[in-house]
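Computed from the coordinates by the stated procedures, all read-outs in this text should not be read as laboratory data. Because the structure is a prediction, the values reported are computed rather than measured. Neighbour counts run over all protein chains shown; Cβ positions are idealised from the backbone, glycine included.
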Amino acid sequence: AHRADDAAPAPPPIAIAHPAPPAPPPVDPATVAPSPGDVTAELGAEPARITASYDQAIDELTKLAAEARGRWAAEHQAAFDAQVASLRAEVAKADAPRGKQRAARALIRFLQGAIVRDDVMLASGGVR
């Protein structure tokens, strides 16, 4: 007579190995079409646009200041030239882009001030 506890032990369960699914290929963000309304690229380009706008303003103001500079005394010309050189050096060595923009704004304000002072002087009859 066989008893249940005399029976041979049950074989261990068989594990079935399933292969792991392949990893998806890496996605290059440059090749993904932006979703409608996605402004990521525009936001990324904004600092460069601002810096270019400041550069254009500096070029235009430099031309105007050069016209005004011709009416100044030699010592005022020298002081102006030294300050412009110093501010341009600050722009050149500044960290991009916020630092460059900050330095460019300082140069813009200086050039604007020089032009306005010259205009006021002319309007008051200071140079003949």
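With K and R counted +1 and D and E -1, the other residues having a Cβ less than 13 Å from that of Leu87 yield a net charge of +4. Here the simple spin-label model places points 7 Å from the Cα toward Cβ, and for Ala57 and Arg98 these points are separated by 1.8 nm.
With the cut-off at 1.5 for a/c, could you classify the stretch 42-119 from its C-alpha gyration tensor as rounded, prolate or oblate?
Cα axes put the stretch 42-119 in the prolate bin.
Computed from backbone phi with θ = phi - 60° and the Karplus coefficients 6.51, -1.76 and 1.60, the 3J(HN,Hα) list for the stretch 89-99 is 5, 5, 4, 5, 8, 5, 5, 8, x, 4, x Hz; x is used for glycine and proline. Residues of the stretch 48-66 with an amide N closer than 14 Å to a point placed 7 Å from the Cα of His76 along the Cα-to-Cβ direction: 65-66.
Pull out the extension gain between Met121 and Gln83, defined as 0.36 nm times the separation in residues minus the alpha carbon to alpha carbon distance; nm, one decimal. Walk me through the numbers on the way to the answer.
Values: separation 38, 0.36 × 38 = 13.68 nm, distance 2.01 nm.
Full-extension gain reported as 11.7 nm.
Distance from the C-alpha centroid of the stretch 77-128 to that of the stretch 34-60: 24 Å, rounded to the whole angstrom.
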